Amino acid sequence: MVIKKVGVIGCGLMGHGIAQVAAQAGFEVIVRESAQEPLDKGLGRIGKSLNKLVEKEKLTREVADASLARLTGTLELADLADCDLVVEAIIEDLAIKSDLYANLGKLCKPETIFATNTSSFPVAEMGAASGRPANMVGLHFFNPVQLMKLVEVVRTPETDEAVYAEAKAFGESVGKVPVAASDTPGFVVNRLLVPYMADAMRMVERGDSTPADVDAGMSLGCGYPMGPFTLTDYVGLDTTLSILEGWHERFPEDPTFVPPQILKDKVAAGKLGRKTGEGFFKWEGDKRA
Ligand SMILES: NC(=O)c1ccc[n+]([C@@H]2O[C@H](COP(=O)([O-])OP(=O)(O)OC[C@H]3O[C@@H](n4cnc5c(N)ncnc54)[C@H](O)[C@@H]3O)[C@@H](O)[C@H]2O)c1
């Protein structure tokens with residue numbers, strides 16, 4: 001593997017997890033945030049997560065300390081210029097991401113591999129923005145990164161095969177199982193999952209069932225850990241709507257991407273799921289009321 005130094009951009013929910021697993025795997029990691037406050041918060045989260053692993057005796061104090069010692073934070077994008085791999089996990093906004101990739105393309109060394117953690121945008125568009133489409137892949141991790149074993153490794157038609165192989169090897173080296181995916185909406189998992197969630201909503205809209213019955217059916221009948229409505233409440237109704245709207249705009253002929261009215265109505269009413277205390281169900285913290 002040629003990857004030794006890894007840059008992570010964005011130290012939020014996903015970025016802090018990606019930085020942590022990379023540092024634990026022995027990579028030198030530099031994390032870039034847009035301001036000091038989210039940087040301190042993200043690095044603090046990593047420290048807490050490592051401490052928890054030590055408390056649970058899943059990690060020794062020495063290994064946790066060595067992982068932290070391999071991690072640095074910065075506000076300067078230029079500090080990532082000599083990274084072998086840059087994993088971007090900033091907010092889901094294509095204009096902001098494209099702008100970032102244009103800057104990375106100007107300042108990183110020619111062989112730097114660019115990997116986006118986007119859930120819903122075409123990886124190729126960010127590759128084009130960087131001016132180095134052959135170096136661009138998707139590395140789509142799952143939340144929480146420290147626990148979830150999957151990473152989708154996304155290739156575009158322009159991705160160089162050696163770059164793809166390196167990205168896949170990186171995924172393995174941070175303890176994940178890489179799954180090959182094409183640069184299509186939702187890659188593998190969300191392409192199946194999000195239309196399924198929307199279909200469940202349409203079933204309720206037609207009056208064929210209720211959210212509680214659909215969830216009980218899918219949990220007990222299929223062995224799913226949670227049904228589609230509980231899952232939507234976890235993901236956030238606003239996030240689910242924004243994914244469907246983006247896909248529907250790009251592929252208006254696909255009926256599975258049409259945002260259900262019930263979803264639009266709930267988002268308009270501020271019922272965004274667990275985070276607002278109500279979505280399809282009412283919530284008290286992490287528990288359904
Ligand atoms: N949340 C999930 O379950 C999940 C799962 C898989 C993929 N993703 C994807 O991961 C990415 C990040 O999502 P998240 O949930 O971690 O978001 P988040 O809001 O928790 O974190 C984003 C972070 O990026 C920072 N940021 C914004 N612009 C920046 C810039 N120009 N430079 C550096 N930092 C910048 C913000 O300060 C913030 O801390 C998105 O593309 C999202 O679609 C999210």
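The set of residues from segment 221-244 being of a type outside the set (A, V, I, L, M, F, W, C) and farther than 11 Å from Ala198 by Cβ comprises Gly221, Gly223, Tyr224, Pro225, Gly227, Thr230, Asp233, Tyr234, Gly236, Asp238, Thr239, Ser242.
Here the condition is being within 12 Å of the ligand (Cβ to nearest atom) and either surrounded by 13 or more Cβ atoms within 10 Å (Cβ to Cβ) or small (Gly, Ala, Ser) (or both); of Ala66, Ala95, it holds for Ala95 alone.
Residue pairs whose Cβ atoms lie under 7 Å apart, separated by 6 or more positions or on different chains, with the first residue in segment 89-100 and closer than 8 Å to Met126 by Cβ and free of Cβ contacts under 8 Å to residues at least 60 places away in the same chain and the second part of a helix (DSSP H, G or I) and among the hydrophobic types (A, V, I, L, M, F, W, C), are Lys97/Met126; Ser98/Met126; Ser98/Ala129. The residues listed here are Leu13, Leu77; of these, the one that is at pLDDT below 95, surrounded by fewer than 19 Cβ atoms within 10 Å (Cβ to Cβ) and within 14 Å of the ligand (Cβ to nearest atom) is Leu13. In this structure, is Val194 part of a helix (DSSP H, G or I), at pLDDT 95 or above and either among the charged types (D, E, K, R) or under 25 Å from the mean Cα position of the chain (by Cα) (or both)? So Val194 fits the description; yes.
Being part of a helix (DSSP H, G or I), more than 10 Å from the ligand (Cβ to nearest atom) and free of Cβ contacts under 8 Å to residues at least 60 places away in the same chain: is that true of Ala115 here? So Ala115 does not fit the description; no. Restricting segment 98-112 to residues that are more than 11 Å from the ligand (Cβ to nearest atom) and crowded, with 18+ Cβ neighbours inside 10 Å, the residue that is farthest from Met136 (Cα to Cα) is Cys108. Being in contact (Cβ under 8 Å) with a residue 40 or more places away in the chain and assigned to a loop (DSSP other than H, G, I, E, B) is a condition met by no residue of segment 150-171. The residue list Lys48, Lys52 contains one member that is away from the ligand (no atom under 16 Å from the Cβ), without any contact (Cβ under 8 Å) to a residue 12 or more places away in the chain and not in a loop (DSSP other than H, G, I, E, B), which is Lys52.
Going through segment 26-45 one residue at a time, which ones are in contact with a strand residue (DSSP E or B) (Cβ under 9 Å, 6 or more places away or on another chain) and more than 16 Å from the ligand (Cβ to nearest atom)? Listed by number, the residues that qualify are Phe27, Glu28.
Based on what the data block shows, is Lys271 modelled with pLDDT of 95 or more, of a type outside the set (A, V, I, L, M, F, W, C), touching a helix residue (DSSP H, G or I) at 6+ places or on another chain (Cβ under 8 Å) and assigned to a loop (DSSP other than H, G, I, E, B)? Judged against the criteria, Lys271 is a match.
The values are calculated or read from the model by the stated rules, or taken from the named source; none is laboratory data. This is a predicted model, so every value here is computed, not measured. Please note: Cβ atoms are built from the backbone with ideal geometry, for glycine as well, and neighbour counts cover all protein chains shown.
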